[in-house]
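No value in this document is a laboratory result; all are computed from the given coordinates. Owing to the predicted nature of the structure, the values given are computational and were not obtained by experimental measurement. Virtual Cβ from ideal backbone geometry, glycine too; neighbours counted across all protein chains shown.
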Amino acid sequence: MRQDHLITATQLSRADIETVLDQAAEIAADPQAWAESHFGSVLALCFFEPSTRTKMSFDTAMKRLGGTTTDMGTVESSSVKKGESLADTVRVIEGYADAIVLRHPSEGSAQMASEFVDVPVINAGDGAGQHPSQTLLDLYTIRENAGLDDLSIGIMGDLKYGRTVHSLADALTNFDIRQHFISPESLRLPRNVRYDLHEAGAQVREHTELDGVLPELDVLYVTRIQRERFPDESEYRKIAGEYQIDADLLSEAKENLTVMHPLPRVDEIAPDVDKTTHAKYFEQAHNGLPVRMALLDSLLGGDDK
Amino acid sequence: MRQDHLITATQLSRADIETVLDQAAEIAADPQAWAESHFGSVLALCFFEPSTRTKMSFDTAMKRLGGTTTDMGTVESSSVKKGESLADTVRVIEGYADAIVLRHPSEGSAQMASEFVDVPVINAGDGAGQHPSQTLLDLYTIRENAGLDDLSIGIMGDLKYGRTVHSLADALTNFDIRQHFISPESLRLPRNVRYDLHEAGAQVREHTELDGVLPELDVLYVTRIQRERFPDESEYRKIAGEYQIDADLLSEAKENLTVMHPLPRVDEIAPDVDKTTHAKYFEQAHNGLPVRMALLDSLLGGDDK
Amino acid sequence: MRQDHLITATQLSRADIETVLDQAAEIAADPQAWAESHFGSVLALCFFEPSTRTKMSFDTAMKRLGGTTTDMGTVESSSVKKGESLADTVRVIEGYADAIVLRHPSEGSAQMASEFVDVPVINAGDGAGQHPSQTLLDLYTIRENAGLDDLSIGIMGDLKYGRTVHSLADALTNFDIRQHFISPESLRLPRNVRYDLHEAGAQVREHTELDGVLPELDVLYVTRIQRERFPDESEYRKIAGEYQIDADLLSEAKENLTVMHPLPRVDEIAPDVDKTTHAKYFEQAHNGLPVRMALLDSLLGGDDK
């Protein structure tokens, strides 16, 4: 990947993706070889919304490359509270850091920010938009467990608001992968995402129930259905209950089914799944480290320092 | 100490304690010798409750060993807000870090967390439970100022809810130390702690007033009585006022009495004590640095790459 | 500068200032030469009020010197919430860090803190008091763009509460600079600041409008007029509107006028100014890095191990 910024998964070609994943695999095999590779470089962490795993994995990825990070802190503890625009905030921060990781509630914010600064911007989630580094670690996890060709993947839960889903679905069109989307009618994939998939020639089917499609899946990617999307608590409980999995249900699945989840989970995956060989969601979270190390190394390039 | 986790003071034998304190003394004498000893290691700071000195001293301890830290941030800025379980949070974080420091409002949380992960977990306070690294720095301070044998120590204030007190009392049973507990009736040491001390053969006496026992003490360990423990403000003021010390009162004490406090203090120790030779509470806080460096070095062991 | 603490701009002589600025210029020219100069040193960041650029620039300045930082966190996540005094907080923290950067809402707090500790304290803003490291980067920016002698500088906006203004005005008296203060009557420079300037023999004039004085200015330093200073929203809007600049208005200015702002800005400088050659406020923010590196290097001195 020789790009200035990482804003959306759509900007990544199959070759781009494979380059990052190959390097991540190299890093995972021998992390010590990279322990001083970006000494002296500084990564700014600008999270306008809560985050644990994305922030901590970028933080530790930079540090395990020998670099350091600087944290903008919460919105409450920053100048944003005083009414500063995002464009001004990033223009100031580019003076202190060699790259910027940005999470922001507004769709399009990362693209906008990238137009104002000269250092690389990595989109770590822009509202209901994209979250491309999550997609790269998802792809890495799929490749490690099931390969990336001639697969059936089911993506289940909140497909309407889930930005990890939108980024992943886009990226999967680069590979020979059949995509099954499983959700209640009210949380279907948005029309524009479906259109893009159609344009890209993706093999897509939509379902309202997991039952029929489960036996043919190689990968099941579960996402959280958020309480706040429903006006009514009982409606939420009813819907959410229908898109939960447990060990019993997985007895219908292929023996080598890989179950993934971007985390945090609440009740979507019962704890009894954790002990099965299907459970790869913690491994998936851990893959954030080598994948983000590879990504940072690529974006900081020879220009670091 | 060759243990995987540090959860309670009770798990520490006299030999364990002395090993850590000896190493802390070595580190204090020549910190530069350790400045690169854990280069490349990462410590995760997971504080589910406010902290200044515990968090900052673990943070700087790791950095002065040449390592780095990664901070989960406040609960408000993390995925915990989204309903993630503690077991899930630590299972994700173990993928990024080589050890985890955990403070959590629930008693038993550190023990539970340690059962889910392979990296060392250090309990930095679990509700009204334990805070063993505080105990180690307390013991270090007592040893530096008064030795650890044939001593009389008074422990005063909130003995019911104070986790530093429970950890310390447990650990003191390893030494030839007479323990005097001074508190209002309503804030006595909990029955289970008294039982454990009795079982361990500790020399324990309880008092409701400091006056009678002060002259025989070598060490006086003062703790904060918290306003929120009392339904009534006036009741709080009355009680708290009776367990405060000042320079005048200390004229009744042994000349070499060591006064300690886990800090933060509010009104328990008057500022005029700060200038006396008795005052060791800032030294005590500073001892957190070499003690936690020794502790981290021990737990990270030869596995830290 | 051979001083223990940096509390006010008034403590800085012309020679002190020039020493820091000269070193900052050296650092800016070759930052790599300093990348390991303070390895092993720790800077404590104690911000009792929100900050983005001051905190991040001190954080990255320390890291680009090869050192590390430790962050007290927000007041809500620290022991301050439990009622600890500032004197106690800094006495604890001096045990962990080699220097302390302090921002606090109370005027005089940095001076007070410096009297309790042996490590250097840097005042990063004490209420409506001083913010001397901001002054140093302001002077650096003025010197880079316009030199520091035989100049006319206009300082506009909230001159009553703006601590950056008070520090800057003090420091400018060391140079042959004419100071024009432009503000509404209600936000005039406080009497004590005017008195100090008079005593220092400064060349000072006050204005309520920019129009008459703009053509003779070499530097225009704009500050934010804060909503919360006005009891009435409409009064605020009316006043604030009169002290805003845009590209059109600047057509009346000297061709090489330098426009500065301590940031964050809200509406004081229209975005169309950003593209003009006058706009130096982002450069000014970026100058915080080399200036604070020089300052830290000076205060940490040869004592940093």
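Between copies, C:GLU235 shows label-point distances of 4.7, 4.8 nm, shortest first, with the point placed 7 angstrom from Cα along Cα to C-beta. Between copies, the label points at C:PRO31 (set 7 angstrom from Cα along Cα-to-Cβ) are spaced 2.7, 2.7 nm, reported in nanometres from shortest to longest. Relative to the longest principal axis of the Cα atoms of chain A, the long axis of helix A:233-242 lies at roughly 70 degrees.
Between rounded, prolate and oblate, where does the protein assembly as shown land on the alpha carbon gyration tensor, with a ≥ b ≥ c its root eigenvalues, rounded for a/c under 1.5, else prolate if a/b exceeds b/c? In terms of gyration-tensor shape, oblate.
Only loop residues by DSSP count here, and only those with at most 16 other Cβ atoms within 10 Å; note down the GluC sites (Glu not before Pro) in segment B:71-124 that meet that.
Working: sites: B:GLU76, B:GLU84, B:GLU94, B:GLU107, B:GLU115; in loops: B:GLU84, B:GLU94, B:GLU107, B:GLU115.
Answer in residue order: B:GLU107, B:GLU115.
Here the 3J(HN,Hα) profile of segment C:47-52, calculated from phi with Karplus coefficients 6.51, -1.76 and 1.60 at θ = phi - 60°, is 10, 8, 9, x, 7, 10 Hz, Gly and Pro shown as x. Estimated at 0.36 nm per residue, the fully extended path between B:GLU216 and B:GLU115 surpasses their Cα-Cα distance by 32.0 nm. Which of rounded, prolate or oblate describes segment C:148-220 when judged by the alpha-carbon gyration tensor and an a/c cut-off of 1.5? Oblate, because a/c is 1.5 or more while a/b does not exceed b/c. The label point for A:GLU36 and the one for C:GLU252, both projected 7 Å from the Cα toward the Cβ, are 6.0 nm apart. The alpha-carbon positions of segment C:132-285 define a convex hull whose volume is 103 Å³ per residue. Relative contact order for segment B:132-285: 25 percent, from Cα pairs under 8 Å spaced at least 6 residues apart, divided by residue count. What separates the C:THR276 label point from its copies, with the point 7 Å along Cα to Cβ, is 6.7, 6.7 nm, written shortest first.
Dividing the convex hull volume of the alpha carbon atoms of segment A:1-125 by its residue count gives 106 Å³ per residue. Once backbone amide H atoms are built at 1.01 Å from N, C:ILE182 has C:ILE155, C:MET156, C:GLY157, C:HIS207 as its partners under 5 Å, excluding neighbours fewer than 5 places away on the same chain.
For the residues C:ILE122, C:ILE100, C:ILE177, a GNM of chain C with alpha-carbon springs under 10 Å puts the largest fluctuation on C:ILE177. Modelled label positions at A:SER13 and B:ASP272, each set 7 Å beyond Cα in the direction of Cβ, lie 8.1 nm from each other. Taking B:SER37, B:SER183, B:SER133 as the candidate residues, the one with maximal mean-square fluctuation in a Gaussian network model of chain B, Cα springs under 10 Å, is B:SER37. Taking label points 7 Å from Cα along the Cα-to-Cβ direction, C:ARG191 and A:ALA29 give a separation of 7.8 nm.
Taking chain A on its own, what percent of its Cα-Cα pair distances exceed 38 Å? Counting every Cα pair in chain A, those more than 38 Å apart make up 13 percent.
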